[in-house]
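> Before I ask anything, here is the structure I am working with.
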Amino acid sequence: MRTSRRGTKAGIAALMSFTLIAAACGGNDDGEADDDASATTEADAPEESDDAGDDATATTDAPDESDDAGDGDAADTDDEDGEGPEIDGDIPGGDPVAGGTLRYALEADVDGINPTSSALSSPGLMMGNAVFDTLTAATADGDFVPYLAESVEPNEDFTVWTVTLREGITFHDGTPLNAEAVVKNFETQRADPLVGLAVKPFYPEEGATTIVDDLTVQFNLLESNRYAPGALASQLGMMASPAWIDAAVADPTLNQQPVGTGPFKFDSRSEDSITTFVRNDDWWNGEVYLDKIEFLPVTDTASRVDLLFERDVQGGQYSDPASVGDLRDDDSIQSILDLSGEETFAMINTAVPPFDDIRAREALALATPLDNYRNLIGLGVAPPADQAYTPDQQYYNPDVVQVGDDPDAALALVAEYCAERGTEENATLGGPTCTDGKINMELQWSGPSVVQTRTAEILDEGWKAGGFNVSFDELPQDAHIQQAALGQYNVVTWRQFGASDPSTDNVWVLCRSIGGISLNWPKLCDEERDALLIEAQAIENGPERVEKYQEVVQKINDDYIYIFFVHTPWDNAFAENVRGVCDRTAPSGEKLLCVTNGRNWFDSIYFEQ
Amino acid sequence: MKFWVSRLVGAFALILTVSAITFGAMNILGDPLFNILGPTAGDVSNPESVAKIEAAEAQFNLDKPLPVRWALWLGDFVTGDFGVQFSATGQPPVSDLIAERLPRSLMLLVMAQTMAVIISVPWAIWSAAKANSAVDRTSTVMTFLLIGMPTFALGIILKYGLSIRFDWFPATFVANDPFWTRAWQMFLPALTLALPSAAVYQRLLRTDLITTLQEDFILTARSKGVSKRNVLFKHALRPSLFSFITIAGVTTGTLIGGALVVEQIFRIPGLGSAIVEAILREDFPVVLAIVMIVTITFVVLNVLIDILYSIIDPRVRAS
């Protein structure tokens, strides 16, 4: 029996949640959209080998002849990127024991687990981690090493990456993993209307891949990118059975029954209730210990925490500060905290009135009640954010401090805007941009979500005082993402960024990601910013690269396209008898990253007897 | 005969009206193309996307006038074809979803109604036997409390108190657990639905019992030396059940509504969560199918209650 303070909170939260007329479908805890990009951080895992970094470097087989290849690892981010996951509690290694079923609480369910066609958010990627393997993997040091691949080698100018696969790996349906399978995955992703947006900007329309032999594929990039292997460590690198991909194209309901090469095989799925994976006894990368994993989507965050406290589940993912604080305070819970990942922010659509005018955007930023948000939502658990990097990350720009909490300054700008452009149409709302000297706008978020509703209320209070009439629009997560992609919004609350190498986040800001369907969601094109980003992905990590990213941070701040609130506190929490979460290793022996942006892996997990 | 014919015609008209209103509302309020095509549905500047949009409109009859679409849908529905879900990741048949979710909701409703009857009948008899005593007055206060309390509040209190705080009941429902485990997981949700209904039943049955207990035939039975217990159970209960059965039928509709809420609180993926999600996603075929199932269930139950009346009280049949 638990009688801690969180019980009271659970009751209050549950009562509040009901005002939403029932927390229903797949909105996540924070209800925010989640980026699909690879996002990794350096883990301060116990028993970390001192020379892990050097080992990791060697495995990518970067050309030694390149002077500027640094220590030889083209994918090496030299991750001085500051704080990695902080492990709170005891998750020691030991002698793994096979057996047991891990029940794991996800923040939402997903509408498909197909890396080639589903826009996988954190819960989708989590289930994907069970059933799929990636071509590369992030190490605990923040480097990327070959995983399904035997080697990943660049040419001299890093425009061509040659991936050679390991021999003898088969998918769960018996199909071999070969070069054709890799190309099938790549081309299917590229053809998908949404997933393809993360691929297309970086490859030529023709000749994006070349099959060299049965196990070797070349990826031919549009530009030089030293950090390209990072993109192959997440959704874009997840390899699905080509036979299943074909079948799922013909019958998309098969998107619910994934077939990969991973440590677990798909077993059964009852949407909104449970998805089950069973051990793959023939896994190519060693022994898998758990008999079974059962994923339970639990959208209500308080319920999800309670399930872990009551041991109805043995693990779960959490990102709202109240829950993270409670979990961290409980000695019986093992928490793996990651404060260096995604950011939580408001995002502004610059393509249509009123926020196509920088005065309106600046006014919104000025009126934003940052202190209230950080105190009432962040609760001191989530570190305040002014930009996409934390102060201990090398790319952090100390000169950038967001404006906010200044409604008087906002009112002046709003008055100026409304006097000039107040009669134009706000296409999202279908009325004028201004009424009675105030800017009309819509705030959209993904729900139902208690945290998001409270966030909306807090923002509304500040924005109202700053001269804005705010309408609310709460949507299921997929509809929310779609509308953002189509630019059918004024302002949305969002969760994004946090890749250990910033080049992986380029897709969100490049001009070429703007179109009818955009991943540059704010739809703001800045050619100078693009040039900086492209240059930065081509050069070795060092002061020059850092300077470029700091300049990008300044530009983003000056454009008022994002209003950063906090660095999202992700917590992958486990019961006390769960072991081995951070014992993952690559085939070459490197210790692999164990959590990133709320996602962990399952191949090394076992129960203490 | 005329009575039954008019009842059936009325029921049929009700079902048609509900289907027309629901169909019209869903089709006017939203654009299902987003669910079928994803963001492509809004990418009208791209000729490739426009071709896909037109193809989808033709495939799902979205290019036809609303009344035609309704007639087409109705024609399919009466033949048992509920159509396909509007989903960007495939269009599985709605019947698959219903087949998966309906048993859970039915189980919840049956458990709730059974509990309500089991709780309310002895409670009402006990109260009627001690009418106007302190226990009866306390019982009355309790019933008002349960009737007045919204289902969501009761559900949260029960969940917090009995599941989270004391850990007496499971806090979640897991669809692939064994049947009896699932039944146990549904105990608290069913109790949440049952308690307010039980309170209503208790109030009515108690009142009817008190009235019946003042009838002459009861006095005759007592004067013949029939025990108070036998008078209550054998003589007074049956004639007092009329209102009870009426309200049990009407309450079934309320229970269905309450189940939508309770399923959310206790994380039961039944028809309740399905319809909430479908409304939010504008997945019209799912909404329509569930609304029709609920409506038809409600109508059928009420017809059954009419039949039950005539069994309990033959005067209904005669009239």
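The values are calculated or read from the model by the stated rules, or taken from the named source; none is laboratory data. As the structure is a prediction and not an experimental result, all values here were calculated from the model. As a convention, Cβ positions derive from the backbone with ideal geometry for all residues, glycine included, and neighbour counts pool all protein chains shown.
> Given the conditions (1) touching a helix residue (DSSP H, G or I) at 6+ places or on another chain (Cβ under 7 Å); (2) away from chain B (no Cβ under 14 Å); (3) closer than 29 Å to residue A:447 by Cα; (4) assigned to a helix (DSSP H, G or I), report the number of the one that residue A:557 does not fulfil.
(1)
> With respect to residue A:320, is the statement that it is within 19 Å of the chain's Cα centre (by Cα), among the acidic types (Asp, Glu) and farther than 17 Å from residue A:600 by Cβ true?
Judged against the criteria, residue A:320 is a match.
> Just one of the numbered conditions (1) within 14 Å of chain B (Cβ to nearest Cβ); (2) of a type in the set (Ser, Thr, Tyr); (3) surrounded by 18 or more Cβ atoms within 10 Å (Cβ to Cβ) is not true of residue A:261; which one?
Here residue A:261 clears every test but (1).
> Looking at B:128, B:134, B:112, B:116, can you tell me which residue is surrounded by 20 or more Cβ atoms within 10 Å (Cβ to Cβ), on the phi < 0 side of the Ramachandran plot, more than 9 Å from chain A (Cβ to nearest Cβ) and more than 23 Å from the chain's Cα centre (by Cα)?
Checking each option against the conditions leaves just B:128.
> Using the structure shown, decide if residue A:573 is touching a residue at least 60 places away in the same chain (Cβ under 8 Å) and under 20 Å from the mean Cα position of the chain (by Cα).
yes
> What tally of residues in the range B:18-50 results from selecting those that are within 13 Å of chain A (Cβ to nearest Cβ) and without any contact (Cβ under 8 Å) to a residue 24 or more places away in the chain?
Residues flagged as within 13 Å of chain A (Cβ to nearest Cβ) and without any contact (Cβ under 8 Å) to a residue 24 or more places away in the chain within the range B:18-50 amount to 12.
> Just for the range A:554-570: of the residues that are out of contact with any Asp or Glu (no Cβ under 9 Å at 6 or more places or on another chain) and touching a residue at least 24 places away in the same chain (Cβ under 8 Å), which one is farthest from residue A:459 (Cα to Cα)?
A:561
> Test residue B:82 against the stated conditions and say whether it is away from chain A (no Cβ under 12 Å), farther than 17 Å from residue B:275 by Cα and either surrounded by 14 or more Cβ atoms within 10 Å (Cβ to Cβ) or among the basic types (Lys, Arg) (or both).
No: the conditions fail for residue B:82.
> Now a separate question. Does residue B:220 satisfy being away from every other protein chain (no Cβ under 14 Å), in a helix (DSSP H, G or I), over 25 Å from residue B:120 (Cα atoms) and modelled with pLDDT under 90?
yes
Here's the yes/no breakdown for (1) in contact with a Leu (Cβ under 8 Å, 6 or more places away or on another chain); (2) in contact (Cβ under 8 Å) with a residue 40 or more places away in the chain:
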| residue | (1), (2) |
| --- | --- |
| A:177 | yes, yes |
| A:182 | yes, yes |
| A:190 | no, no |
| A:203 | yes, no |
| A:206 | no, no |
| A:211 | no, no |
| A:214 | no, no |
| A:237 | yes, yes |
| A:241 | no, yes |
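> Then there's this: Within the range A:439-458, is there a residue that is within 14 Å of another protein chain (Cβ to nearest Cβ), farther than 30 Å from residue A:532 by Cα and either among the aromatic types (Phe, Trp, Tyr) or more than 27 Å from the chain's Cα centre (by Cα) (or both)?
Yes, because at least one residue in the range A:439-458 is within 14 Å of another protein chain (Cβ to nearest Cβ), farther than 30 Å from residue A:532 by Cα and either among the aromatic types (Phe, Trp, Tyr) or more than 27 Å from the chain's Cα centre (by Cα) (or both).
> Restricting attention to the range B:280-298, and to residues there that are touching a residue at least 12 places away in the same chain (Cβ under 8 Å) and either among the basic types (Lys, Arg) or at the interface with another protein chain (Cβ under 9 Å from one of its Cβ atoms) (or both), which single residue is surrounded by the fewest Cβ atoms within 10 Å (Cβ to Cβ)?
Of everything passing the filter in the range B:280-298, B:282 is surrounded by the fewest Cβ atoms within 10 Å (Cβ to Cβ).
> Being surrounded by 15 or more Cβ atoms within 10 Å (Cβ to Cβ), more than 14 Å from chain A (Cβ to nearest Cβ) and hydrophobic (A, V, I, L, M, F, W, C) is the filter; apply it to the range B:143-190 and report the residue that is nearest to the chain's Cα centre (by Cα).
Across the range B:143-190, the extreme among qualifying residues is B:190.
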